[in-house]
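Scroll down for the structure; my scribbles are underneath it.
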Amino acid sequence: MKRIVILASGSGSNAENIINYFKNSAVFKVVLVLSNKKDAKVLDRANRLGVSNGSFNRVDFSSSDTVLNILKENADYVILAGFLWKLPEAIVNAFPNKIINIHPALLPKYGGKGMYGMHVHEAVVANNEKESGITIHYVNENYDEGAIIFQESFEVLPTDTAEDVANKIHTLEYKNFPKVIEKVMLENG
Ligand code: GAR
């Protein structure tokens, strides 16, 4: 059994999709959902789906081993699904090639600090980009710079709003993220 822990900061629609994807698997299981926000919607989703969950603060995450130890005890893979804090080196080092993030743009474009969620889609539309897409990548200690595992793009129409782009992104994320996670776990063990 490979145990997956999801870190998420917000709504958690990707987290829900991943939990559902693996819910009947005999070999992969989402065992825990953790958030840096105690009122994040992702925790309601985890409760509804019967997945253990909890929240942590900055000290737990970055200035102590609290979260590191929880992850070491519970996770074979750590999945970032809309998680907005930079990971401390100790966590990155404890899970080499075992932490996977999804980013709602075609990295290296529209990555880095401040580039998350709707900020990305607004910038894509403001710059009249002809395409956008998703990037699934390993996580290292720098924002959005780990090795790329998977990308898929789509056409941004001149009439698309940032909300339209967000919807297209979510469709691609739901279709691909769980499958890519599964493939990595099968290949990397
Ligand atoms: C997703 O689109 C994800 O790619 C993005 O946040 C959204 C979370 O949606 N992640 C980032 O921007 C990370 N830099 P969700 O909470 O509904 O899954």
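Structural remarks
For (1) of a type outside the set (D, E, K, R); (2) at pLDDT 95 or above; (3) under 22 Å from I19 (Cα atoms), each residue gets a yes or a no:
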site: A81; (1), (2), (3): yes, yes, yes
site: M115; (1), (2), (3): yes, no, no
site: M118; (1), (2), (3): yes, yes, no
site: T135; (1), (2), (3): yes, yes, yes
site: I149; (1), (2), (3): yes, yes, yes
site: S153; (1), (2), (3): yes, yes, no
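- Residue check for T159: out of contact with any Ser or Thr (no Cβ under 7 Å at 6 or more places or on another chain), more than 12 Å from the ligand (Cβ to nearest atom), β-branched (V, I, T) and not in a strand (DSSP E or B): yes
- There is no residue in the stretch 66-89 that is within 25 Å of E163 (Cα to Cα), free of Cβ contacts under 8 Å to residues at least 24 places away in the same chain, within 16 Å of the ligand (Cβ to nearest atom) and out of contact with any Ser or Thr (no Cβ under 8 Å at 6 or more places or on another chain).
For every residue, the table says whether it meets (1) within 24 Å of V184 (Cα to Cα); (2) charged (D, E, K, R).
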| site | (1), (2) |
| --- | --- |
| V30 | yes, no |
| R45 | no, yes |
| R48 | no, yes |
| K72 | yes, yes |
| A75 | yes, no |
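- Hits in the stretch 108-139 (condition: small (G, A, S) and crowded, with 17+ Cβ neighbours inside 10 Å): G111, A123, S132, G133
- Members of the stretch 95-104 found to be touching a residue at least 60 places away in the same chain (Cβ under 8 Å) and either in a loop (DSSP other than H, G, I, E, B) or not β-branched (V, I, T) (or both), listed by number: N97, K98, P104
- For Y110, the stated conditions hold: it is of a type in the set (S, T, Y), on the phi > 0 side of the Ramachandran plot and within 14 Å of the ligand (Cβ to nearest atom).
- Matching residues, the stretch 154-174, being within 24 Å of I99 (Cβ to Cβ) and in contact (Cβ under 8 Å) with a residue 40 or more places away in the chain: I169, H170, E173, Y174
- Positions within the stretch 119-141 being free of Cβ contacts under 8 Å to residues at least 12 places away in the same chain and over 15 Å from G82 (Cα atoms), in sequence order: A126, N127
- Apart from one condition, N36 fits all of (1) closer than 24 Å to N93 by Cα; (2) free of Cβ contacts under 8 Å to residues at least 12 places away in the same chain; the exception is (2).
- When the helices (runs of 4 or more DSSP H) confined to the stretch 1-84 are screened for residues that are farther than 19 Å from V139 by Cβ, those reaching at least 3 such residues are found at 13-22, 41-49.
The values are calculated or read from the model by the stated rules, or taken from the named source; none is laboratory data. It should be emphasised that the depicted structure is a prediction, and the values quoted were computed from it without experimental measurement. No Cβ is skipped: glycine too gets one built from the backbone with ideal geometry, and neighbour counts run over all protein chains shown.
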